[in-house]
Structure formats: structure tokens, C-alpha cells
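A quick write-up on the structure given underneath.
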Amino acid sequence: MNKVATKNSLVVNGKKFQIEKLDYDITLLDWIRTKLNLKGTKEGCNEGDCGACSVLVIDRVSTKPRSINSCLVRLGQMMGKNIITIEGIGNTKNLNPIQKSFVRNNASQCGFCTPGFVISASTLLYSQKEINEELIHDTLSGNLCRCTGYTPIIESLKKIKNTRLLPPKFIEVGMTEKVQIGKAIYFHPKSLNELLKLLKKIKRFKFLSGGTDLNLEREVYTTSSRHLICINNIKELSEINFTKNTLKVGSTVSIEKFLEITDKKLPQIREILKRFGSPLIRNQATIGGNICTSSPIGDLSPIFLVLGTKLNTYGVNGLREISLDRFFTRYRKNVLKKTELIKNFVISMPKKDYKLFSWKFSKRFDQDISTLSIAVLVKIKNNKINDIKIAAGGVSEKPEILYGLSQLMIGETLAEGIKKGTDNLVKYVKPISDLRGTAEYRINVFKGVLRKLDISLRANKEHKSFMEII
Ligand SMILES: Cc1cc2nc3c(=O)[nH]c(=O)nc-3n(C[C@H](O)[C@H](O)[C@H](O)COP(=O)(O)OP(=O)(O)OC[C@H]3O[C@@H](n4cnc5c(N)ncnc54)[C@H](O)[C@@H]3O)c2cc1C
Ligand code: FES
Ligand code: FES
């Protein structure tokens, strides 16, 4: 590891940059383009939807390069990290294997999207996984192209499926405690102790984790001076611990990492996690951030709710344990105090005689926010519904366990329980109509879910995509 200790620094394409006197707060994308004059990284939507701004990041924790949307992160949160832009991947004199394959297979037309695709695709060459069509599609699900129709891009990657590259080495640039960028001050505590000292000292602040939600609130950064406490370097917040019956997982664990660690032990949630944004989003977004947005359509909430998740918080008043079903209070609000954050989640693994289902409905299959998401944990005994917990997002102002509906079905035969649930659904579920779907649509989809639950249980199938036919 190359050691150069300088605070307030980051590395781009192997070169160290120290951040001094920037007079306005800035995204990583704008900084790369305007201050470093690296124009290969493009700006499209500026909100995480198109992938034109994709870059690779390496940090102390995950030394394997991961792709992110540079439009979604602020420069102030990237201190100490190593960034690789398209200019660091290859150039016209020295094309990397993906670029060569793109040229040979006509995978670029106007070329605007190409740097983003090459960046996302390069993670394949650093990975140990077998490169198959499913992996290629998933890897590129956050990148949009309006010219090629995607086929030549996919074909060009299939042609290099046996090529592997060694990841670039992480270059250490020392730890930053705080950095001021424009009116924003970014603090970087490394432990809960350091965090506590900060919490006692500064008054108006926001916790910043991945930033894929908070950073979209642009006025936060531009209208007034702000203190942002970046929590991703706090080591106690990234711990993961499996026991026989529980999974304890730190709040700053990324969605992609969560997908990786639950892949074998909780395969029932794989599809919903795979459909969480794109790898670009999942590499940056955290599970703590997802729950703390307290969004009615956050994808993790219904699953965490049916699994009886408890969360441990940390703050100036010490530690406390809160059951997730008491966490959300109203639209995008929760019970956390201003000086309190989520330290970790304790998720109960489903018992052997229980089956778990989770389904997400959105306008597009990939890279879309849910219209409705539903999780069900159910136990069938002697052909009756012995126990059931149904939780949903997108049917009211907060994600919730539908206790009334669940209770109604307990003790009934499967057929009777599903019928009772379907017939009485509107008493327990009162969705609103919005851009994503009307209330009537949501009710109809929910009825479809109950039917799918019936079919899956009869076929004794637990882990089924909604799209699959049993
Ligand atoms: C293009 C795009 C696609 C998306 N797709 C999906 C999707 O498919 N499904 C989905 O559910 N969401 C999706 N999201 C929303 C978002 O990515 C997720 O909610 C994500 O998990 C937020 O995590 P974060 O670490 O980025 O949160 P941040 O933006 O860092 O924080 C969000 C909020 O939580 C607070 N916070 C964060 N961590 C903690 C903590 N440990 N303790 C206390 N407070 C905390 C912050 O102060 C802030 O108020 C998408 C967003 C974008 C831009
Ligand atoms: S510019 Fe579209 S995802 Fe960043
Ligand atoms: S080649 Fe034009 S947008 Fe992809």
C-alpha cells in the first residue's frame, strides 16, 4: 500500500488531490468535470437514473472497485477514497479490453453513454464471479443508452467473459476529520466515541450515510451553512454478525453487501434486493439510510417488519433498542431523536416451519422505486393458517404490519383465509392514488398477491419471483 498521509485529500486515477478553499459545495461529478477537467464522465439526469456519470470507488474497507453514480455523492463525503474515472480505465492509445470489444462489436453510436457503460462493465473484469448473461444485465441495469438497443453492448461483454483484470491498488491518503466545502462542513468520525464528542459539540447537523436520498435535497447544501456528519467510516456501524437465529447488521452496510451476505441464508429476499435501484445505487445506498428515510415505499421495510427486526440506536443519551414496528410515526418520520442514529439491526431469521415471501411492484423491473411492496411470513399447520404476518409499503403514509388483516386470516384454512383477506382487504388497506398508480390499482395488485400466496403455498414453494409461473 502506497502511504502518503495528507488530510482532506482523495485520489483520482492514481493522483492525489488535496481539497482547499472551494467556495461552493459540489458533487463529485461536478468537481471531476469542472475542477479536474476530466470530461469523459458525463452528466445526464443528475439524479441517479442514467449512469452517464458512473465512476469506480475504492476505499479502506472494500478494496475491490465498486461502481457508483458520481452525481449522487458530494465531494465532501469522498475524502480518503480512490476514484477511477473513464480516463483512468483506458484511452485512445491504450484501450482496455471492454473498450476494444465495444469498438469491435459496434457497441457505441453517439457515445454519450459509453464511458458509463465501460465503467459499470469494468466491475465484471475485477470480479471472481462467472460472467453470464444474467450478471451482465444486472451489472448494466443502471446505465441507459438511447442509440444501440443494448444488444451490441451485451454481445461485446459476452465476448470477453473470460478476461480478468487485477484491481488497482488502494492508495492511502490519511484520514480527514473535517473538511469545509462552500458553506457545508463534512465531519468524518471514525468511532462511536469520536461521534459522541461531535454530537455534544455541534448543534445543527444531518447524518450523511450513502447520500443517495439526502443528496437529492439540493437546498440542504446551497441555501444555508450545514454540518454533515458522514457516518460511513465509523467502524462499529459496519459490523456483521450471524448467529443461528439472528443476523446483526450494522446500519452503514451497503445494500449490495447486504445482498451478498443474505444470498445463501435468506434467498427469499434476493429478488427484491436485486431490483433495488441498480448496482450503482446499491453500492452506495445503505440499509440504515433506507430505513431512516422512513419512506412509505422503502424496499427493506416490509421485509424487516415481518422478520420482527429490532434496531439498536446510539446517541448522547446512550443506547436504546426499538422494535421496527414502533419506529415509523408518519410520512417520512420516525422516533429517532436529533442526536441519535441507528447503530445496527437485529433481524430474526425465519423459523423452520415458517415461509417468507417478498414481492415488489414497480413500473419498470429494474432501477425503479416501488409502487407497492409486500412481505409475508406465514406458518401453515394441519392445512390451516397457524400464523401470518403481512407487511406492506405503498398502501399508507408509512410502511406497516397489517395486523388486522393478518389476524383475520389466522385459524382459517388456506382457501378460506385467502378469501377472507381478499374480500375484506379494503377495510385494512387504504392506499392513495399518485403518479405511480391509483388506489384501485394498488388494491387489485394486493389481491393478486394474496392469490399468488395461495398458489405458492399450495405448490409448497417459498421463494418465487412474482413473474414466474409455478
Ligand atoms: C436512482 C435511485 C434509485 C433508488 N432505488 C431504490 C429502490 O429500488 N428501493 C428503495 O427502497 N430505495 C431506492 N432509492 C432510495 C435510496 O437509495 C435508499 O433509500 C437508500 O437506502 C438510502 O440510503 P443512503 O445510505 O444513501 O441514505 P442517505 O441519503 O445517506 O440518508 C437518508 C436519510 O437517513 C438518515 N440516516 C442515514 N443513515 C442513518 C443512520 N444510521 N441513523 C440515523 N439516520 C440515518 C440521513 O440523515 C437521511 O436523513 C433509490 C434512490 C435513487 C436515487
Ligand atoms: S447523471 Fe444520470 S445517473 Fe448521474
Ligand atoms: S450510444 Fe448513444 S446513448 Fe448510447
Quiz item: What are the principal axis extents of the Cα atoms in the range 354-470, in Å, biggest first?
Solution: 43, 29, 19
Exercise. Using the structure shown, select from LYS379/LYS420; LYS274/LYS389; LYS206/LYS351; LYS21/LYS257; LYS257/LYS430; LYS235/LYS257 the pairs with a Cα to Cα distance greater than 27 angstrom.
Key: LYS206/LYS351; LYS21/LYS257; LYS257/LYS430
Self-check item: Signed unit charges on C-beta, dipole axis of the chain, positive-most listed residue ASN105, PHE304, THR139
Solution: PHE304
Practice problem: Please give the helix 192-201 orientation as an angle from the longest Cα principal axis of the chain, in degrees from 0 to 90, rounded to the nearest 10. | Solution: 80
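Just to be sure I follow the definition: excluding the sites themselves, where is the longest run in the chain that has none of the chymotrypsin sites (Phe, Trp or Tyr not before Pro) in a DSSP loop with at most 14 other Cβ atoms within 10 Å?
Details: sites that count: TYR24, TYR331, PHE365.
Result, exposed sites excluded: 25-330.
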Self-check item: Rounded to 10°, Cα long-axis angle of helix 439-458 versus longest principal axis of the chain
Solution: 70
Exercise. Tell me the GluC sites (Glu not before Pro) within the range 228-268 that lie in a loop according to DSSP and have at most 14 other beta-carbon atoms within 10 Å.
Key: GLU239
Practice problem: Would you list which aspartates and glutamates come within 13 Å of LYS355, measuring only between C-alpha atoms, while excluding same-chain residues fewer than 8 positions from it? | Solution: ASP387, ASP454, GLU462
Quiz item: Given 25 °C and 0.890 mPa s, how large is the Stokes-Einstein diffusion coefficient of the chain in µm²/s, with Rh as the Kirkwood radius over Cα pairs?
Solution: 104
Self-check item: Qualifying aspartates and glutamates (Cα of each under 15 Å from Cα of LYS169; at least 8 residues distant if same chain)
Solution: ASP59
Self-check item: At R0 = 56 Å, FRET efficiency that the Cβ-Cβ distance of TYR441 and GLU172 yields, to 0.05
Solution: 0.60
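Evaluate Rg over Rh across the range 357-425, taking Cα atoms for both radii and Kirkwood's formula for Rh. Provide the component values of the computation, followed by the final result.
Working: Rg = 13.4 Å, Rh = 12.9 Å.
Dividing the radius of gyration by the Kirkwood radius yields 1.04.
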Quiz item: Under 19 Å from the Cα of LYS35, which aspartates and glutamates turn up, not counting those fewer than eight places away in the same chain?
Solution: GLU20, ASP23, ASP25, GLU43, GLU87
Self-check item: Estimated inter-spin distance, VAL335 and LEU196, nm [label 7 Å along Cα→Cβ]
Solution: 2.3
Practice problem: Could you work out how far apart the two model spin labels at GLU133 and GLN109 are, taking each label as a point 7 Å from the Cα in the direction of the beta carbon, and quote it in nm? | Solution: 2.2
Practice problem: Please work out the Kirkwood hydrodynamic radius for the range 6-155, using every pair of different C-alpha atoms, and report it in angstroms with one decimal place. | Solution: 15.8
Quiz item: So which of LYS381/LYS419; LYS265/LYS381; LYS81/LYS333 end up more than 20 Å apart, counting from Cα to Cα?
Solution: LYS265/LYS381; LYS81/LYS333
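As a test of the formula, what do you get for the chain when each DSSP H run with n ≥ 4 contributes -39,500 (n - 2.57) and the sum is divided by the residue count, at 222 nm and rounded to the nearest 500 deg cm²/dmol? Provide the component values of the computation, followed by the final result.
Working: 14 runs with 122 residues, N = 470.
After summing the helix terms and dividing by residue count, I get -7000 deg cm²/dmol.
Values quoted throughout were computed directly from the atomic coordinates according to the rules given, and no laboratory measurement underlies them. If you're wondering where the values come from, they're calculated on a predicted model, not measured in any experiment. Here Cβ is always computed from backbone atoms with ideal geometry, including for glycine, and neighbour counts include all displayed protein chains.
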